[in-house]
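Report on one structure; see the data block that follows.
The values are calculated or read from the model by the stated rules, or taken from the named source; none is laboratory data. Only a predicted model underlies this, so the values are computations on that prediction, with no experimental measurement involved. We place every Cβ from the backbone using ideal geometry, glycine too, and count neighbours over all the protein chains shown.
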Amino acid sequence: MEFRILGDIEFWSRGQLHPVGWTQARHLLAILLMRPGQPIPTESIIGKMWGHDPPPNPRGTIHVNVTRLRKRFQAAREDVRLINRSGGYKLEIDKEAIDYHRFGTLLIQARSMEESGELERAVQLYRDATRLWRGEPLSGLPGDWANQTREMMEEERLAATAKRIELELQLDRNAEVIPELAELTRRHPLHEKFAELLMLALYRNGRQADALAVYQDIRRRLREELGTEPQPALRNLQVRILRAEPDLMSVAQTRDGEPPNTLPRRNETFTGRTTALEQLLGAPTGRTGPTVIVIEGMAGVGKTTLAIEAAYRLMDAYPHGQLYLDLHGYSKEREPLDPATALARLLQPIGERTPELPRSLDERAALWRSRLAHRKVLIVLDNADGHEQIRPLLPGGPGCMVIVTSGRRLSGLDDVRSIRLDLPPPEEAAMLFENVVGPGRELPADDVAKVIDLCERLPLAIQITGSKLRHRTSWSVADLARKMAKTYHELSEFRGEDRRLIVAFELSYKGLDAPQQEAFRRLGLHPGMDITAESAAALLGLSRVDAEGRLDKLSDHYLIAEPRVGLYRSHQLVSEYARMKAQEDLRPVQIEALQRLFDFYVAAAWRADRLLFPHHAPLGPEPTGIQVTEDLFDDMDAALSWLNAEGDNLPAVVRQAATQGWRRQSAVLPHLLSRHLDAEGRWVEAGELHEYALSVWRELADRPGEARALADLSRIRWRLDQHDEALRLAAEALPLGRMLGDEHVVSEVLEVLGLVHWYRDEYDRAREYIEQALDLRERIGDRRGQGAALNLLAALRSRKGDYAEATRCLRDALAIYEAEDDKRGQQTTHNNIAEAELRLGRPESALRHYEQVGALGLRLSAVNEAILLNNMANAYGQLHRREEALDHHRRALALFRRMEDRRHEAEVLNDLGFCLIQTDRDDEAQIHVQAALRISVEIAARPLEARALRQLGTIHHRAGCFDAAFQHFRAALDIARDIGDVYEEACAQNQIGYAYFTIGDQPKAVAHWRHALELFTQVGVPDAATFRTKLSEMDNRAGA
């Protein structure tokens, strides 16, 4: 059944249009439909229908039309009650059956979605609202009331349209909305908001003159027709457009509020390249996609230097960030970055944390495009291997610019502009040489020309030879030219395209003293692209201070760079040259250096694992024979920083150790890294390393190592939602660990088994495994392991409604962590205690525990930060601090959505819906809870599905839609019983009781309430006392 007043007044039932009657009947129906469920005095109806000129018997006329309307409703077989009450009439009908009130509901929901950061959803809701309009509202009705109501309704529609377009501008859809805004300003020439939005859209689309013309037009009309000037907002926009203020182009902010900039340091000696720079700086903005420019050219020609220089000059045009990524397309020792890994590294600077990234390439590419859809970001993709590597990294829409460098022609990309970078002309090459050498030196033109010729005008070679002369103050340019000529002939066996670089490298290398040459050769043995001072010290067999001194000297000669403090990197060609020079050393010398490096990594990883995860049982004793400096690992934060800095090198070290034949040692490192890779969400990479380790241990017939690898791999398979595979691996690891007497392996596998069954909603089996893990850890004295098991056991006890036992488990866990001074464990436990306190109705106590989480001083991961925000919101809600609660819920929701953590997103949507219900904002609550239900069903999260169904039942109950309410309540009850969620079952029984009480069936209400009381009493929550009092009062009234 539907009533329509946003156009002709219509009554629809079962898909058919039913006649309403003549004008007076339609007029009366419209008056009643504007205020459904509310009595309207007869005198008010008379005034609205006839104004000051009523008919002779207005009350009789109204009565006749009421009778006619009732007959229309009966003919349609609809239960619409039009009743006479208190000297007036009331139409009892769900307001959602009336298009105008449905319009209002959609506007409320749209505003709520906007507040929650879902701009796309808000835009769609605004569109749905305005699509309900079929023409002039209250069409055909005469009189002042109808005219005034029409005007009010039209203002609401125009305001909704303006708000929707304003959001579309925030979504950077400037070009798309211009035609619509142009039509709106034509039809409403004095509407200043439409003019303002059109000006902004035109300006952002590069049409400044057109934007200013819009202002002049509306200003002229306002002065001629109304004798007024534009409002301050419009006048201010005109001034800002005239000034071309940069922030007018800004449509979004980065996650942290500050735009990311990961560009490498600018080359201060950059020279020339005028034509190429003009092409880069003057590239037109793409209309439907990003601006993509590929710089092509031979190695060493200056592609990267040009790209970075252009990026710095373009920074103001791309205010939302500047990103740089080396794709390693031309490294002989390193595979090119695959697109999925590249996307992970691009997403991290814009606020996406690695553990929460989606796993597939398509999902990461979609996330990348969505994050850039509202931003103007400049991206430099260096050393691209081919178009297959680049295509997934490109933004989807207009606004961004991508500069790609490659040593080959990328012909497989569409809508791409290419710049072919050739050798610079002689005069530009000479100028580059002079800039590198610096002021104060005699630079005869003829001698400089000889040097440039020997460098064959290649910029990288010029940089290195110029740096050599700068550091040799006793040399003249002629001396440099003679030495280069001699070296050139010595290296004649190299092919021509490489020789010009090798000449420069060799000359620079020969200019080093013996210790520096040795350092350069040793660095060529390192398997990674980035080298820390500590790993360099291990390779060189020096202290960190002495190693840094050698690295600084190499940096002075342009053989390495220091893009970040303490992190060193070479140009790929220099790295290859260093690897070539490393082979000049005797093989035993190389092996000794590599052994030191590997021993260092094993020792450092062992120590980092001990600091960060002290309850994690190591594989074997602490490594000996090499010292890890105290200042490297003086605390947990330092250990985490080191692991992050060496994140790419550590897997490469495992592979290198394997190629050296150090199979046993190489299989130890994956276990030492297992908890870190797990915590950082690098699960796919961890799985590969654990599979490798498992194969090695089996090949060596090392059963203890095999047991640890099986345990590590089963946990990763659980993380990846590969539950069957996790169970299979655990089934292998458990008996093996028991046979070996390795109780640490056994306890870890028992925990994994518990986690898998928990995620399958098999709570009793999960509890059995966790209890076994707890008993075993108590027996072997694994105190931190006990704390972890107690936290898991508490969560399972809570799920079954045993809050008293859950609280006891958490108190025991906290005592353990405090005794062990484990702050990370204390944070987790305080959060879990606070959740239990909330369920027990003690929000003040919960807040104290949440505050303690922050007071412990450790940085929270993104997921833990979001969990804490949502939990604090629930505490604020219980304390009736609703606005603080809504703010925290929405902040948590935004974080989980950025992580694409759907389970937690559904949980927050449920909590947010409940908070909105408590503030009587049911329309807003409904759209959030519906979203929670949709996600819960998609991911098979049945506890969340039950709660969403129950909350939707509450919303329908409050709206008087009892059939729908009972349907949702009973569906929630069935799920709660099926999964054994006692508290949720009690809540569903309670809501069913309230629904029966509302419709007057007190016996059924009491029966359900008594059942709810039994369940609430069983779980020990305050709701039990409330129900006991209420049922007692009802019994007393019945007895009286």
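Here are some conditions: (1) at pLDDT below 90; (2) farther than 30 Å from Leu458 by Cβ; (3) part of a loop (DSSP other than H, G, I, E, B). Asp247 meets all but one. Which one does it not meet?
Only one criterion is unmet by Asp247, namely (3).
Given (1) free of Cβ contacts under 8 Å to residues at least 40 places away in the same chain; (2) over 25 Å from Ala129 (Cα atoms), where does Trp12 come up short, assuming only one miss?
With (1) free of Cβ contacts under 8 Å to residues at least 40 places away in the same chain; (2) over 25 Å from Ala129 (Cα atoms) applied to Trp12, the lone miss is (2).
Of all residues in the stretch 262-284, which are at pLDDT below 85 and closer than 14 Å to Ile379 by Cα?
Pro264
With the requirement that a residue be within 23 Å of Cys400 (Cα to Cα), touching a residue at least 24 places away in the same chain (Cβ under 8 Å) and either in contact with a Cys (Cβ under 9 Å, 6 or more places away or on another chain) or part of a helix (DSSP H, G or I) (or both), what does the stretch 187-224 give you?
Leu197, Met199, Leu200, Ala201, Leu202, Tyr203, Arg204, Gln208, Ala211
Quick one: would you say Arg824 is over 25 Å from Tyr983 (Cβ atoms), charged (D, E, K, R) and in contact (Cβ under 8 Å) with a residue 24 or more places away in the chain?
When the stated conditions are applied, Arg824 passes them.
This table checks each residue for (1) under 27 Å from the mean Cα position of the chain (by Cα); (2) without any contact (Cβ under 8 Å) to a residue 12 or more places away in the chain; (3) under 17 Å from Gly787 (Cα atoms).
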site: Leu810; (1), (2), (3): no, no, yes
site: Tyr817; (1), (2), (3): no, no, yes
site: Ser845; (1), (2), (3): no, yes, no
site: Tyr850; (1), (2), (3): yes, no, no
site: Ala855; (1), (2), (3): yes, yes, no
site: Leu860; (1), (2), (3): yes, no, no
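List every residue pair whose Cβ atoms lie under 6 Å apart, where the two residues are 6 or more positions apart in sequence or sit on different chains, the first residue falls within the stretch 76-91 and is at pLDDT 80 or above, and the second residue, located anywhere, is among the acidic types (Asp, Glu).
Cβ pairs passing all conditions: Arg81/Glu92.
Taking the residues in the stretch 916-926 that are over 16 Å from Arg947 (Cβ atoms) and touching a residue at least 24 places away in the same chain (Cβ under 8 Å) as candidates, determine which candidate is surrounded by the most Cβ atoms within 10 Å (Cβ to Cβ).
My answer is Glu924.
State whether one or more residues within the stretch 956-976 are aromatic (Phe, Trp, Tyr) and surrounded by 18 or more Cβ atoms within 10 Å (Cβ to Cβ).
yes
Where in the stretch 714-806 are there helices (runs of 4 or more DSSP H), lying fully within it, with 3 or more residues that are surrounded by fewer than 17 Cβ atoms within 10 Å (Cβ to Cβ)?
Once the helices (runs of 4 or more DSSP H) in the stretch 714-806 are filtered for at least 3 residues that are surrounded by fewer than 17 Cβ atoms within 10 Å (Cβ to Cβ), what remains is 723-740, 763-780.
Out of all the residues in the stretch 444-457, which are modelled with pLDDT of 80 or more and surrounded by 17 or more Cβ atoms within 10 Å (Cβ to Cβ)?
Asp447, Val448, Ala449, Lys450, Val451, Ile452, Arg457
Can you tell me which condition Glu1014 does not meet? The list is (1) surrounded by 21 or more Cβ atoms within 10 Å (Cβ to Cβ); (2) more than 20 Å from Gly960 (Cα to Cα), and all the others hold.
Against the list (1) surrounded by 21 or more Cβ atoms within 10 Å (Cβ to Cβ); (2) more than 20 Å from Gly960 (Cα to Cα), Glu1014 comes up short only on (1).
Here are Ala906, Ala866: which of them is at pLDDT below 90, outside the structural domain of Leu840 (by TED's automatic domain parsing) and over 22 Å from Gly993 (Cα atoms)?
Ala866
Evaluate the following for Gln930: is it closer than 12 Å to Ala906 by Cα, surrounded by fewer than 23 Cβ atoms within 10 Å (Cβ to Cβ), modelled with pLDDT of 90 or more and not assigned by TED's automatic domain parsing to the domain that holds Asp94?
Yes, satisfied.
Would you call Thr61 over 24 Å from Glu10 (Cβ atoms), touching a helix residue (DSSP H, G or I) at 6+ places or on another chain (Cβ under 8 Å), assigned by TED's automatic domain parsing to the domain that holds Gly140 and among the polar types (S, T, N, Q)?
The answer is no for Thr61.
Being in a loop (DSSP other than H, G, I, E, B), over 23 Å from Ala461 (Cα atoms), within 30 Å of the chain's Cα centre (by Cα) and not assigned by TED's automatic domain parsing to the domain that holds Glu456: is that true of Pro398 here?
So Pro398 fits the description; yes.
Is at least one residue of the stretch 1002-1020 touching a Leu at 6+ places or on another chain (Cβ under 9 Å), assigned to a loop (DSSP other than H, G, I, E, B) and either under 26 Å from Arg799 (Cα atoms) or at pLDDT below 90 (or both)?
Checked against the condition, which is being touching a Leu at 6+ places or on another chain (Cβ under 9 Å), assigned to a loop (DSSP other than H, G, I, E, B) and either under 26 Å from Arg799 (Cα atoms) or at pLDDT below 90 (or both), the stretch 1002-1020 yields at least one hit.
Can you name every residue in the stretch 105-132 that is assigned to a loop (DSSP other than H, G, I, E, B) and buried (at least 22 other Cβ atoms within 10 Å of the Cβ)?
Ser116
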